[in-house]
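Peer 1: First the structure, then my questions, so here it is.
Computed from the coordinates by the stated procedures, all read-outs in this text should not be read as laboratory data. All figures in this text were calculated on a predicted structure; none of them were measured in a lab. Here the Cβ positions follow ideal geometry from the backbone for every residue, glycine too, while neighbour counts run over all protein chains shown.
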Amino acid sequence: MTQEPGRLFREAWITGVHRHFPGEPKAGYVTPWEATPEWERVSAAAVEGQVREFLAVSGGHAGRLGREQKGRFVATCWIAQIYRHFEDPKPGYVADWAELPPWQRETDADIFEAVEAAS
């Protein structure tokens, strides 16, 4: 049975947050898929799809990217979704890679690798 698009992304996000976040994460960071807002589900599905497509069009060679490159790809795709859904997002929601906290960079790389492993 095929998993609902975006669910893998969300599950990898939650796992990554639990693994990398220093201390206790905000409840919204680890909200289960069923309680995730619709815009976030749509965005997760879009980014998951972009990673799958990126892997496909590279002939599988995107797997040779380093963790930082993988994480940057996920982060950039996510920022595009934020702009899609919010006219004037908070600056932290669209922060460039260098401005993201280390836990978030690691989690974004984990997401790429989870999609890669499932593809």
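Peer 1: Mind telling me which of the residues A98, A117, A45 ends up being part of a helix (DSSP H, G or I), of a type in the set (G, A, S) and either surrounded by 13 or more Cβ atoms within 10 Å (Cβ to Cβ) or in contact with a helix residue (DSSP H, G or I) (Cβ under 8 Å, 6 or more places away or on another chain) (or both)? Give the derivation first.
Peer 2: Numbers: A98 fails: either surrounded by 13 or more Cβ atoms within 10 Å (Cβ to Cβ) or in contact with a helix residue (DSSP H, G or I) (Cβ under 8 Å, 6 or more places away or on another chain) (or both); A117 fails: either surrounded by 13 or more Cβ atoms within 10 Å (Cβ to Cβ) or in contact with a helix residue (DSSP H, G or I) (Cβ under 8 Å, 6 or more places away or on another chain) (or both).
None of the other options fit; the residue is A45.
Peer 1: Could you figure out which of (1) touching a Pro at 6+ places or on another chain (Cβ under 8 Å); (2) small (G, A, S); (3) buried (at least 16 other Cβ atoms within 10 Å of the Cβ) isn't true of A75?
Peer 2: The number of the failed condition is (1).
Peer 1: Criterion first (within 14 Å of W13 (Cβ to Cβ) and out of contact with any His (no Cβ under 7 Å at 6 or more places or on another chain)) does L100 satisfy it? Steps first, please.
Peer 2: On the way: within 14 Å of W13 (Cβ to Cβ): yes; out of contact with any His (no Cβ under 7 Å at 6 or more places or on another chain): yes.
Answer is yes for this residue.
Peer 1: Are any of the residues in region 19-40 touching an Asp or Glu at 6+ places or on another chain (Cβ under 8 Å) and exposed (fewer than 13 other Cβ atoms within 10 Å of the Cβ)?
Peer 2: yes
Peer 1: Quick one: which residue in E11, E4 is assigned to a helix (DSSP H, G or I), under 17 Å from A117 (Cα atoms) and of a type in the set (D, E)?
Peer 2: The match here is E11.
Peer 1: Filter region 54-95 for residues that are charged (D, E, K, R) and either touching a residue at least 40 places away in the same chain (Cβ under 8 Å) or farther than 21 Å from A12 by Cα (or both) and give the result. Give the derivation first.
Peer 2: As a first pass, look at region 54-95 and keep what is charged (D, E, K, R): 64, 67-68, 70, 72, 84, 87-88, 90.
Selection gives R67, E68, K70, R84, E87, D88, K90.
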